[in-house]
Amino acid sequence: MKLFKPMLAATVATFMLAGCYNQPGLVEDGSYNRTKTGALAGALAGALIGYNTKGHHKNRRAAIGALAGAALGGGAGYLLDRQANEIARALGTGVDNDPLAALDPNKNIIVSKTDSYVKLMFRDRMMFSTASSRLQPHARRKVNTVAQLLRNYPQTIVGVAGFTDNRGGYAYNQKLSKQRALSVATILNAGNTKGCAYSKPIAANNSSANMALNRRVEVYLYQDRSLMSDPCR
């Protein structure tokens, strides 16, 4: 019961922040789940830290901690939401969190977001010629567009991973996928690159159509290095 008021402050702060960041638009994801989740987590953590600090006025400190934590946590979530919407708009698409979107061969670029990162998926057919790691002019323009936007977010941690189908040996595909990831990472100034070869297929490699789905480059945008995961797994 002693923590009820601080917890109430945390909840109010969460919804206040989420409301402030509502930006409707045709190509935007207006759910802002990362903002709400981050604000709530930050608020609860701030409240507990403030309440458990030694001294008087614990409830007041807990309430202040809740508001401060909500602002910090919501801010991190908001950056992910804003990045996803801005990048999707600049690339001429929308934010699509449907897990089946990756199976749509008509989607050359898919921008999605989770509570931890924003992901950009580029189809291989628009990026590289067969067996090449050199970006085609149209693809280079798209990647440059993302790079320009990321200059507004210097705190963002960028990871790039390349993927192939299963034709040829693993060593060859691992090298090719790594080189393709590096081609994109160089433009994005990303320090984290992985060549995943065919270790994480989207579809079974049992037809030319499915193999085309598996050939791709994925870009991950994180706000917290501790949340990074292995894209090949």
Positions within region 82-102 being among the hydrophobic types (A, V, I, L, M, F, W, C) and exposed (fewer than 13 other Cβ atoms within 10 Å of the Cβ), in sequence order: Leu100
Check on Asn166, in contact with a Phe, Trp or Tyr (Cβ under 8 Å, 6 or more places away or on another chain) and either surrounded by fewer than 20 Cβ atoms within 10 Å (Cβ to Cβ) or modelled with pLDDT under 95 (or both): yes
Being charged (D, E, K, R) and touching a Cys at 6+ places or on another chain (Cβ under 9 Å) is the filter here; which residues of region 162-207 pass it? Lys178, Lys194, Lys200
Just one of (1) of a type in the set (Ser, Thr, Tyr); (2) assigned to a loop (DSSP other than H, G, I, E, B); (3) surrounded by 17 or more Cβ atoms within 10 Å (Cβ to Cβ) trips up Thr193, so point out which. (2)
Are any of the residues in region 201-220 within 10 Å of Gly159 (Cα to Cα) and out of contact with any helix residue (DSSP H, G or I) (no Cβ under 8 Å at 6 or more places or on another chain)? yes
I need the full set of residues from region 122-139 which are crowded, with 20+ Cβ neighbours inside 10 Å, aliphatic (A, V, I, L, M) and not in a helix (DSSP H, G or I), in order please. Leu135
Only one residue in Lys200, Lys142 is assigned to a helix (DSSP H, G or I), under 19 Å from Ser112 (Cβ atoms), in contact with a strand residue (DSSP E or B) (Cβ under 9 Å, 6 or more places away or on another chain) and of a type in the set (Lys, Arg), so which one is that? Lys142
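The values are calculated or read from the model by the stated rules, or taken from the named source; none is laboratory data. Just so it is clear, the model here is predicted, and its values are computed rather than measured. Every residue, glycine as well, gets a Cβ built from its backbone with ideal geometry; the counts of neighbours run over all protein chains shown.
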